[in-house]
Amino acid sequence: MPRPVRSIAVVGGFVGLSVIAFGCGPRQPTPPPGLDEVQLAGWQAYVDLDCAACHGEAREGRRSGPALTGLARHWTADRLVSYLTDPDSMVKAVPRLALKAEKYAIGMPSASGKSPGYGKKARAEKLRVLAEYLLVDAGKPGG
């Protein structure tokens, strides 16, 4: 009878590991503390548009995209919305952006729809709240 006991142990171990693996699943992102209602909607837009894939969950930057902190030094919400709508035009018009764009192999998608899926999700109102969120230093609202 050692064989059935061993089989039960193997099956039990497999079921236990499966429960742990499926129960843990991917970690859900959480917003930084202290955001107001508009900034929180902007954070949700950041999540919905999968900005973290290139810029990092905390906007810290990655090899595929620059850090998105301290933006209020160079940007207003209106200019950010213009950039998010048509980044190629802004990159051509602003030398600082052109230099930054050269550092990254992946170009910023535009809301005009050149990137599959992004354009359909990136509506004007979503880009507006995203811009408001991006102007807040991550984890330091109002800063």
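I need the P(r) histogram for the range 33-134: all alpha carbon pairs, bin width 10 Å from 0 out to the longest distance, whole percents.
P(r) for the range 33-134, in whole percents per bin: 16, 52, 30, 2.
Can you list the aspartates and glutamates whose alpha carbon is less than 16 Å from that of residue 126, not counting same-chain residues fewer than 8 positions off?
Hits, sequence-local ones excluded: 36, 37, 48, 50, 78, 86.
For residue 62, list long-range residues whose amide hydrogen, built 1.01 Å from N in the peptide plane, is under 5 Å from its own amide hydrogen.
Here 67 satisfy the definition.
Whole-Hz Karplus ³J(HN,Hα) for the range 73-78, in order, using 6.51 cos²θ - 1.76 cosθ + 1.60 and θ = phi - 60°, x for Gly and Pro?
5, 10, 10, 10, 4, 4
Could you work out the local net charge near residue 56, counting Lys and Arg as +1, Asp and Glu as -1, over the other residues with Cβ closer than 13 Å to its Cβ? Numbers along the way, then the final one.
Details: positive: 59, 62, 63; negative: 50, 57, 60.
My count for the surroundings of residue 56 gives 0.
Readers should treat all values here as calculations from the given coordinates under stated rules, not as data from a laboratory. These numbers come from a predicted model, not from an experiment. All Cβ positions, even for glycine, are placed from backbone atoms using ideal geometry, and neighbour counts span all protein chains on display.
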